[in-house]
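Structure first, commentary second.
The values are calculated or read from the model by the stated rules, or taken from the named source; none is laboratory data. Just so you know, these numbers come straight off a predicted model, no measurement behind them. Virtual Cβ from ideal backbone geometry, glycine too; neighbours counted across all protein chains shown. All accessible areas refer to the heavy atoms of the entire protein, side chains included, with ligands and DNA or RNA removed. Shrake-Rupley method; radii C 1.70, N 1.55, O 1.52, S 1.80 Å.
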Amino acid sequence: MSGGWRDDPELVALGDHAARFFEREAPPERIAGWREAGQVERAFWRQAGEAGLLGASIPVEYGGAGGDFRHDVVLVEAVGQCGVEGFALSLHNVIILPYVLAHGTEEQKARWLPKLCSGESVAAIAMSEPGAGSDLQSIRTTAIRDGNGYRINGAKTFISNGQIADFVIVVAKTDPAQGAKGVSLLVVETGEAEGFRRGKALDKVGLDAQDTSELFFDDVWVPADNLLGTSEGQGFRQLMAELPRERLVIAVGSVVTMHKALDVTTEYVKQRQAFGQRVFDFQNTQFKLAECKAKTEVARVYVEDCIARQIAGTLDLTSAAIAKYWVTDAEWQVVDECLQLHGGYGYINDYPIARMWRNARVQRIYGGSNEIMKMLIARSL
C-alpha cells in the first residue's frame, strides 16, 4: 500500500524499523514456542517497549512516541505482514491505551501510561461475560461503592492477554438499576488485587499463540481513583466512543491477511504441478485468484478511506461497522479459497495458509459479531 499519508518518510522508517525488530526478535522458532505455550512471554513486551513499538500514538509526556493513528496502523500492519502471531499489539496500542488517554484524569494518565508504553505493564480489557458477549448492557459484573473504593464481583471470559495482563480495564455496573447508564470502567492492577483469579487459558480454534482467558473477580477492592474518568456511569459512553477505531483496526488486519494469503497462494500454485502442468495454468485457478484479488483490492480501498476519516476525526459508527462486517467476511472468503487451491497441503498446519484460515475465523466474531454490525448498519437506513 502506498500513496498519501503512507509516503511520509517517518512512517516508512517506522515500518522498516518494526519489520527489522520482528525479524530479529520474533523468528519462526520463537513464535512456535509461543504457540506451544499458548501465550507470548512478557519479556517480548518489554523488548517491544524498548524498541518504541508500544504507545506509538501516546504523547511523549506520558512515555509514548508522540505519534497518531497513522503510526498505529503502520505497526499493526507490520505485525500481520511479519506473521508475529499472538502479539496483541493492536489491542494494547489501538484499543486499551486510547481509553486511558481519552477518558483518564491527568493523574491516571501520568500513573498508568508510562508503564504501558514501556511494556512494564501488559493490558487487557474485560468486557465479555459467560452470559453476555456483544450485549454489553446485559453484563452482570458489579462494582459497588465500599468506603473510598469499589468492590468488584463477577466473571469475564474471552479476555485476550488474560493470562499475562497486570492492567485490566473492567466493564462493570456501579449502579445495576440504571442499565447502560449504570456502567463504569474500572482499572484492576492485578498484582495488588486480592480476590482476583485467572481461570484457564481457553483452547481456541485458532490464534494458538495468543492467550485468551477467563477472569474472576471475587470481592476485589480497588481504590476510587481507579474509576476511569471523574464520575460513575460513563462507561457505556466511553465504550461507544472508542468502538469505531477498534472495528476499523480489525478490518486493517483483515486486509493484511488477504494480501498475504493471495501472495503465498499465487506462489504455491505457480510451483505445484498437477496433470502435467502448473496448478496456476488451470483456468479455474486463475479465475479464483482473480476473484480473491478483486475482493482484496475493494477491501483495501474502503479501509484506506476509513483510515483517512479516522485520521481526520470523522469516522462514524456506521462506516466502521461496514468495514468490520464486509472486510472480515471478504477475508474469510479469500482465505478459504486460497486454502482450497493448496489442496490437501492447505489442511496441514505446517503451511501458513492453514494457520491464516484458523486465525481468520474469529475476525467475524470479536469486536462485535458481524450480525451486530448488520443491526448497526440497518439503524442508519
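Beyond 27 Å, what percent of the Cα pairs of the chain remain?
Above the 27 Å cut-off, the chain has 49 percent of its Cα pairs.
Roughly what would the spin-label model give for residue 305 and residue 281, points 7 Å off Cα along C-beta, in nm?
Result: 4.1 nm between the two label points.
Would you mind getting me the FRET efficiency between residue 318 and residue 137? Use the beta-carbon distance for r and R0 = 22 Å, nearest 0.05.
Rounded to the nearest 0.05, the efficiency is 0.65.
So, in nm, how far is label residue 8 from label residue 148 when the simple model puts each one 7 Å beyond its Cα toward the Cβ?
Computed distance between label sites residue 8 and residue 148 equals 4.3 nm.
Could you give the dipole magnitude of region 282-381 about its Cα centre, charging the beta-carbon of Lys and Arg +1 and that of Asp and Glu -1, in debye to the nearest 20?
Around 160 debye, computed over region 282-381.
With the alpha-carbon atoms as the only input, what is the per residue convex hull volume for region 240-326 in Å³?
79 Å³
What ranking do 199-205, 160-166, 222-228 get when scored by the average of other Cβ atoms within 10 Å per residue, highest first?
Ranked by mean Cβ neighbours within 10 Å, highest first: 160-166, 222-228, 199-205.
Could you tell me which of rounded, prolate or oblate describes region 74-168, using a ≥ b ≥ c as the square roots of the eigenvalues of the alpha-carbon gyration tensor, with rounded for a/c under 1.5 and, failing that, prolate when a/b is larger than b/c and oblate otherwise?
oblate
Quick one: if the Förster radius is 35 Å, what FRET efficiency do residue 19 and residue 194 give, using the C-beta to C-beta distance and rounding to 0.05?
The formula returns an efficiency of 0.25 here.
Mind pulling the per residue volume of the convex hull built on the Cα atoms of region 25-64? Å³ is fine.
73 Å³
Suppose the chain between residue 43 and residue 349 were pulled fully straight at 0.36 nm per residue; how much longer would it get relative to their current alpha carbon spacing?
Contour length minus Cα-Cα distance gives 107.5 nm.
If you line up the Cα atoms of region 1-134 on their principal axes, what length do they span on each, largest first, in Å?
Computed over region 1-134, the largest-to-smallest principal extents equal 38, 36, 29 Å.
Report, in degrees rounded to the nearest 10, the 0 to 90 angle that the Cα long axis of helix 283-312 makes with the longest principal axis of the chain.
30 degrees
Considering only protein heavy atoms, what per residue accessible area in square angstrom results for region 71-175 with a 1.4 angstrom probe?
Per residue, region 71-175 has an accessible area of 31 Å².
Could you check how much of the accessible area of region 112-164 is carbon and sulfur, as a whole percent, using a 1.4 Å probe?
Taking all protein chains in place, region 112-164 shows 44 percent carbon and sulfur surface.
For region 199-263, take the convex hull of the Cα atoms, compute a quarter of its surface area, and give me that in nm², please.
Projected over every direction and averaged, the Cα hull of region 199-263 covers 7.2 nm².
HN-Hα J couplings of region 348-356 from phi, Karplus 6.51/-1.76/1.60, θ = phi - 60°, integer Hz, Gly and Pro as x?
Rounded to whole hertz, the list is 9, 5, 5, 8, x, 5, 5, 5, 4.
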